[in-house]
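The values are calculated or read from the model by the stated rules, or taken from the named source; none is laboratory data. Just so it is clear, the model here is predicted, and its values are computed rather than measured. Here the Cβ positions follow ideal geometry from the backbone for every residue, glycine too, while neighbour counts run over all protein chains shown. Heads up: the accessible areas ignore ligands, DNA and RNA and are worked out on the full protein's heavy atoms, side chains in. Shrake-Rupley method; radii C 1.70, N 1.55, O 1.52, S 1.80 Å.
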Amino acid sequence: MAATKTSVRVRVEYWCGTTQMTGTAMTYRGAMRLAAKNRNAYSPKFYDGNRELLDDGNGLVYADELEHGRTVYAV
């Protein structure tokens, strides 16, 4: 099945030491820029509302769609 792409505001949760920070991005590049600020053993997390997003190296995909064998890009 072909990948589809939508446009959303991505919430990025990352850590600066022991403080959890949150930022928003409209693009994959912006989300990765925020994720690069992560300074903790915990990995950054990406969300569209309450839906978790995963980084596949080409964009952020919906985790629940991947479970069903579909690749749907948020950004």
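What to note about this one:
- Relative contact order for the chain, counting Cα pairs under 8 Å that sit 6 or more residues apart, in percent: 35 percent
- Accessible surface of the chain, 1.4 Å probe: 50 percent of it comes from carbon and sulfur atoms.
- Accessible surface, the chain, averaged per residue in Å² (probe 1.4 Å): 64 Å²
- Listed candidates [x] 21, 52, 23, 4, 0; [y] 16, 36, 23, 14, 8, 2, 0; [z] 19, 57, 22, 2, 0 - label of the one calculated as P(r) over Cα pairs in 10 Å bins from 0, in percent: [x]
- Label-point separation in nm, residue 29 to residue 58, each point 7 Å along Cα→Cβ: 1.9 nm
- Count Lys and Arg as plus one, Asp and Glu as minus one, and take only other residues whose Cβ is under 12 Å from that of residue 17; the net charge is then +2.
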